[in-house]
Amino acid sequence: MDRRFWKKMVGEQFNHKYHLVQFIDSGSFGGVFLANEVIADRVIRQVALKVFLVETSQLDVQIAELRLATRLKHPHLLDCFSSEVGFEDEEDEEEKYLGLAMEPATESLSQYLAKRETLPPQEVRNIIGQIASALVFLHSQNIVHRDLKPENILRVGEVWKVADFGISRVLTQGTSTKTTQQIGTPVYQPPESYQGEIRPGWDVWSLGILLQQMLTGKHPFSANTITGPELMMKVMMQEPEFPEGLSDEFLTILKGCFVKNPKERWTAQQVLDAVKPCQETLPSIDQLDLSSKRAGINYYKLRDLLAAKRWEDADEETAARMCEVMGRAEEGWLRVEDIEQFPCKDLKIIDTLWVHYSQGKFGFSVQKKIWIECGSPTSYSDDWLRFCERVGWREGGKWMRHSEILNRVENLPSSGTPGTIPVLWVGLVKFGFVGKVLVGLWFENLSLRLALSLLSRNDL
């Protein structure tokens, strides 16, 4: 089916609640639309809706795969909201339409690279780190993506996310399994894929190709000029071609990604550890530029409050300025997408001020260090609760009031719990959601999503 087929669907309703308002793209998978989710004649939100046809005999299998996608939650995986079946008045008994509602993206890495050809090293580290973070999570769930390529890496605000789990495979035999189908995009496939072997190392090989393409604009096996059997022989038998001028840092990572034996290949965690931002020497606090990326906003008041050790006021000012930066001053609270898209420059300024004036005791980066020590939890778990207890947001199995938390830090930094403030997500309740008390599973889930969105950022 070509683009014209899918474009004709604009204006239709999918499953009674998704109004297709704009055609985005199409491919062998089907069509993608910008759609309004409408309930009781009200537009609830805009989504990207992927629509495709499946044979009725494969319907249950496909639905199960889509439901898996909706259950996978990570800051660097494209958020999939729900899976749907069918258009209104659909009568075809042989095939059915399936839909997957996802968060809309700004552009793909493929589109981004087309405008730039190559990227500076620090930006490459940042993007690869975000992709590797998603792969670490997927592999921890025994899931191999198998189709990692620029078209499946999407930018949402300032965050890069892995998308399209259409051919992901859940490992059924520990760390590997077999397939008789040749699936994936050949130029990103590892040697073992030609033998039907599926391991997490498949994705690491693909990640290495992405890394070299971002740095040099070229494929390590000249896949831009060869295909088919010749490409397969090169991938299986020859060593990759590394251009001159690559730094030792990136050369080491690439060699780790391109080990022929998948059992000896680097893991996604090793790649992530290798590209973590270096600890750069920050300018002195007097030389720090306190102007926001957004015109007309600055952090001079926050600096003065922190210098005076007025912790409660500084906590309020932090939340207020972050809301202002994201255009949420009137609402007085931030959503998950606001945290994901919060400018890197502003985040660095806020964190640097907090860390400096608290003598290293407070700040988002301090919280992130504790989060990592607690196992980098990515879901509601004992590790997440342990993190909340470590930073003083929870005690004795109960959430602390915002006022109680701040009362404990009045005499900081000498007597407080490291990482307690800023209390950005706890502040949501203070801003008017449910009064002054942190209650119930609703808040626990919301606070988790907000915290993970910030703590998972590679620029902390």
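None of the figures in this text is laboratory data; all of them are computed from the coordinates on show. These numbers come from a predicted model, not from an experiment. Every residue, glycine as well, gets a Cβ built from its backbone with ideal geometry; the counts of neighbours run over all protein chains shown.
Near Arg386: Cβ cut-off under 10 Å, other residues only, Lys/Arg at +1 and Asp/Glu at -1. The net charge is -2. Measuring between alpha carbons in the structure, the pairs from Lys96/Lys218; Lys161/Lys301; Lys17/Lys115; Lys161/Lys255; Lys149/Lys345 lying more than 31 angstrom apart are Lys96/Lys218; Lys161/Lys301; Lys17/Lys115. Legend: calculated FRET efficiency, Lys348 to Ile44, from the Cβ-Cβ distance at R0 = 30 Å, rounded to 0.05, equals 0.30.
You can think of it this way: the chain between Glu244 and Gln122 has 42.1 nm of extra reach, that is 0.36 nm per residue less the Cα-Cα gap. Summarising the label geometry, the points placed 7 Å from Cα in the beta-carbon direction at Glu151 and Asp273 lie 3.5 nm from one another. When the scattering of the range 107-275 is computed by the Debye formula from its Cα atoms alone, each counted once and equally, what is log10 I(q)/I(0) at q = 0.12, 0.16 Å⁻¹? The computed values of log10 I(q)/I(0) come out as -0.48, -0.90. By the scheme Lys and Arg +1, Asp and Glu -1, what is the net charge of all other residues having a beta-carbon under 11 Å from that of Ser291? With Lys, Arg at +1 and Asp, Glu at -1, the neighbours total +1.
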